[in-house]
1. Could you grab me the full set of residues in region 24-72 that are among the aliphatic types (A, V, I, L, M), modelled with pLDDT of 95 or more, within 25 Å of residue 89 (Cα to Cα) and surrounded by 12 or more Cβ atoms within 10 Å (Cβ to Cβ)?
2. Given the options 82, 98, name the one that is touching a helix residue (DSSP H, G or I) at 6+ places or on another chain (Cβ under 9 Å), at pLDDT below 95 and open to solvent by less than 40 Å² (accessible area, probe 1.4 Å).
3. Given the condition touching a Ser or Thr at 6+ places or on another chain (Cβ under 7 Å) and hydroxyl-bearing (Ser, Thr, Tyr), answer yes or no: does some residue in region 147-160 qualify?
4. Consider region 97-115. How many of its residues are under 19 Å from residue 77 (Cβ atoms), part of a strand (DSSP E or B) and not aliphatic (A, V, I, L, M)?
5. Going through region 106-145 one residue at a time, which ones are touching a Ser or Thr at 6+ places or on another chain (Cβ under 9 Å), within 14 Å of residue 84 (Cβ to Cβ) and not polar (S, T, N, Q)?
6. Within region 129-150, how many residues are closer than 21 Å to residue 72 by Cα and not acidic (Asp, Glu)?
7. Are there strands (runs of 3 or more DSSP E) fully within region 31-93 with at least 3 residues that are among the β-branched types (Val, Ile, Thr) and either touching a Gly at 6+ places or on another chain (Cβ under 6 Å) or over 12 Å from residue 125 (Cα atoms) (or both)? List them.
8. Here's a check for you: in region 127-145, which residue that is of a type in the set (S, T, N, Q) and assigned to a helix (DSSP H, G or I) is most open to solvent (accessible area, probe 1.4 Å)?
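The values are calculated or read from the model by the stated rules, or taken from the named source; none is laboratory data. Since we're looking at a predicted model, the values are computed, not measured. A quick note on method: Cβ atoms are made from the backbone with ideal geometry, for glycine too, and the neighbour counts reach across all protein chains shown. The protein model used for the area step is the full one, side chains on, heavy atoms only, and it has no ligands, DNA or RNA in it. Shrake-Rupley method; radii C 1.70, N 1.55, O 1.52, S 1.80 Å.
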Amino acid sequence: MFHLIPAPLHRLALPVAHRVRHSWRKFRGVPLVGCGVIISDLDGSILLLKHSYGPDVWSLPGGGVGKGEDPEQAARREIQEELDIRLERLTLVKELDEVLSGSPHKTYLFAATTDQHPRIDRREVIEAKFFPRHSLPEPQGSFTKARLAEWRAAMKGVSAP
């Protein structure tokens, strides 16, 4: 349905919808469930993206887990919708307890490798690129930094502090 709206108009509406959703979550305080995915290419570079709404920061792909939806299936769906990438294998890195928009938020953090390049429709995601691990762009969102730290710790086989 959203693809019936021209992309520029859709991009204009998303920041307003984001602010309303943020305020509603803060007001209600209802627990939320989401997923994030750290996607590497075959060279080990990390995929980061920028949204057309919210803070102007580099973020990891992901999104909400629907009621009754399996977190891994939600992660696959989000990546397909946002980036047109089909992920074959996902590895659960960690379940994180966070606070998002003033509400408790459980995030399922996954890792995956792909040989595909992102294709964005410039609606929700306006930029998506692979960056070498040693030179990730700034600014990154606070959740992105924390999730990358958890992933790095898991890769080393130690738990994050």
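1. Within region 24-72, the first condition is being among the aliphatic types (A, V, I, L, M), and the residues that meet it are 30, 32-33, 37-39, 42, 46-49, 57, 60, 65.
Among the residues that remain, those that are also modelled with pLDDT of 95 or more are: 37-39, 42, 46-49, 57, 60, 65.
Of the ones still in play, those that are also within 25 Å of residue 89 (Cα to Cα) are 37-39, 42, 46-49, 60, 65.
Matches in region 24-72: 37, 38, 39, 46, 47, 48, 49, 60, 65.
2. Being touching a helix residue (DSSP H, G or I) at 6+ places or on another chain (Cβ under 9 Å), at pLDDT below 95 and open to solvent by less than 40 Å² (accessible area, probe 1.4 Å) holds for just one of 82, 98, which is 98.
3. Looking through region 147-160, none of the residues is touching a Ser or Thr at 6+ places or on another chain (Cβ under 7 Å) and hydroxyl-bearing (Ser, Thr, Tyr).
4. 6
5. Listed by number, the residues that qualify are 122, 123, 124, 125.
6. So the answer is 6.
7. Details: elements: 32-40, 46-51, 62-64.
Counting at least 3 such residues, we get 32-40.
8. Taking region 127-145 first, the residues of a type in the set (S, T, N, Q) are 135, 140, 142, 144.
Okay, now just the ones that are also assigned to a helix (DSSP H, G or I), so 135, 142, 144.
Numbers: 135: 57, 142: 90, 144: 8 Å².
The qualifying residue most open to solvent (accessible area, probe 1.4 Å) is 142.
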